[in-house]
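Asker: Supplied in structure tokens, the structure appears directly below.
The values are calculated or read from the model by the stated rules, or taken from the named source; none is laboratory data. The structure displayed is predicted, hence computed values, not measured ones. Backbone-built Cβ (ideal geometry, glycine too); neighbour counts: all protein chains shown.
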Amino acid sequence: MMSAPRLEIDLRKIHHNARTLVERLGKRSISVTGITKATLGSAEIAATLLEAGVKRLGDSRIENIEAMRSALSAAEMTLIRSPMLSQAKRVVMSADVSCNTEIEVIKKLSQEAQKAGRTHGVILMVEL
């Protein structure tokens, strides 16, 4: 009888690997953003990355950013994909930075950030 597939996550190994990257890249003045894509915003994994010295967290889904923000309010968060126009308010409230390709979305993010009295960073991407 076959058992269902499962994924085992060893937080000690994640910590070790993240710490190694942080130390090696830090010698070259490069900071590390821990990407939590595919972990569904796991607060445990995100906290482990931060404990290892990662400076900020990133994910491709706003729902995951919101989950991590709720658990780790002080951590800097980056949305690593271009948000939909309808997500602008959520993005501004949960992510410190987002990657963007559309000027209309950037304008809406700016409006929402001004309304909320927040600063929101934008990484401009060009689609080829």
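Asker: Quick check on this structure: which one of SER3, SER42, SER29 is surrounded by 12 or more Cβ atoms within 10 Å (Cβ to Cβ), of a type outside the set (A, V, I, L, M, F, W, C) and over 13 Å from GLY58 (Cβ atoms)? Don't jump to the end; show me each part of the working.
Answerer: Numbers: SER3 fails: surrounded by 12 or more Cβ atoms within 10 Å (Cβ to Cβ); SER29 fails: surrounded by 12 or more Cβ atoms within 10 Å (Cβ to Cβ).
Being surrounded by 12 or more Cβ atoms within 10 Å (Cβ to Cβ), of a type outside the set (A, V, I, L, M, F, W, C) and over 13 Å from GLY58 (Cβ atoms) holds for just one of SER3, SER42, SER29, which is SER42.
Asker: Provide a single number: the residues in the stretch 76-97 that are under 9 Å from the mean Cα position of the chain (by Cα) and of a type outside the set (D, E, K, R).
Answerer: 6
Asker: Separate question: Scan the stretch 96-128 for residues that are assigned to a loop (DSSP other than H, G, I, E, B) and either touching an Asp or Glu at 6+ places or on another chain (Cβ under 9 Å) or of a type in the set (Val, Ile, Thr) (or both) and jot them down.
Answerer: We begin by selecting, within the stretch 96-128, every residue assigned to a loop (DSSP other than H, G, I, E, B); these are 96, 101-102, 117-120, 125-128.
Once the filter is applied, which keeps residues that are assigned to a loop (DSSP other than H, G, I, E, B) and either touching an Asp or Glu at 6+ places or on another chain (Cβ under 9 Å) or of a type in the set (Val, Ile, Thr) (or both), the stretch 96-128 yields ASP96, THR101, ARG118, THR119, HIS120, VAL126.
Asker: Condition first: charged (D, E, K, R), exposed (fewer than 13 other Cβ atoms within 10 Å of the Cβ) and modelled with pLDDT of 95 or more. Now tell me which residues in the stretch 100-128 satisfy that.
Answerer: If the condition is that a residue be charged (D, E, K, R), exposed (fewer than 13 other Cβ atoms within 10 Å of the Cβ) and modelled with pLDDT of 95 or more, then GLU104, LYS107, LYS115, ARG118 are the ones that fit.
Asker: Inspect the stretch 69-78 for any residue being touching a Cys at 6+ places or on another chain (Cβ under 6 Å) and closer than 15 Å to GLY41 by Cβ and give the result as yes or no. Write out each step before concluding.
Answerer: Residues of the stretch 69-78 touching a Cys at 6+ places or on another chain (Cβ under 6 Å): none.
Looking through the stretch 69-78, none of the residues is touching a Cys at 6+ places or on another chain (Cβ under 6 Å) and closer than 15 Å to GLY41 by Cβ.
Asker: I need every pair where a residue in the stretch 16-33 that is under 20 Å from MET77 (Cβ atoms) and in contact (Cβ under 8 Å) with a residue 12 or more places away in the chain has its Cβ under 7 Å from the Cβ of a residue that is surrounded by 11 or more Cβ atoms within 10 Å (Cβ to Cβ) and among the hydroxyl-bearing types (Ser, Thr, Tyr), sequence separation at least 6 or different chains.
Answerer: Sorted first by the residue in the stretch 16-33, then by its partner, the pairs are THR33/THR78.
Asker: Mind checking which residues of the stretch 48-62 are under 17 Å from GLU23 (Cβ atoms) and among the hydroxyl-bearing types (Ser, Thr, Tyr)?
Answerer: Correct list: THR48 only.
Asker: In this structure, does GLU102 turn out to be acidic (Asp, Glu) and over 21 Å from SER31 (Cβ atoms)? First the steps, then the outcome.
Answerer: Values: acidic (Asp, Glu): yes; over 21 Å from SER31 (Cβ atoms): yes.
Yes.
Asker: Further, regarding this structure: Closer than 30 Å to GLN114 by Cβ and part of a loop (DSSP other than H, G, I, E, B): which single residue out of ALA67, ALA4, ALA38, ALA74 fits that description? Break it down into steps so the answer makes sense when it comes.
Answerer: Working: ALA67 fails: part of a loop (DSSP other than H, G, I, E, B); ALA4 fails: closer than 30 Å to GLN114 by Cβ; ALA38 fails: closer than 30 Å to GLN114 by Cβ.
Of ALA67, ALA4, ALA38, ALA74, the one residue that is closer than 30 Å to GLN114 by Cβ and part of a loop (DSSP other than H, G, I, E, B) is ALA74.
Asker: Just to be sure before I move on: is VAL97 over 25 Å from ALA43 (Cα atoms), hydrophobic (A, V, I, L, M, F, W, C) and buried (at least 17 other Cβ atoms within 10 Å of the Cβ) in the structure I sent?
Answerer: Working: over 25 Å from ALA43 (Cα atoms): no; hydrophobic (A, V, I, L, M, F, W, C): yes; buried (at least 17 other Cβ atoms within 10 Å of the Cβ): yes.
Here the answer is no, as VAL97 does not meet what is asked.
Asker: Out of everything in the stretch 79-94 that is of a type in the set (D, E, K, R) and more than 18 Å from THR36 (Cα to Cα), what residue ends up being surrounded by the most Cβ atoms within 10 Å (Cβ to Cβ)?
Answerer: Going through the stretch 79-94, the residues of a type in the set (D, E, K, R) turn out to be 81, 89-90.
This time we only want the ones that are more than 18 Å from THR36 (Cα to Cα), so: 89-90.
Working: LYS89: 15, ARG90: 17.
Here the residue is ARG90.
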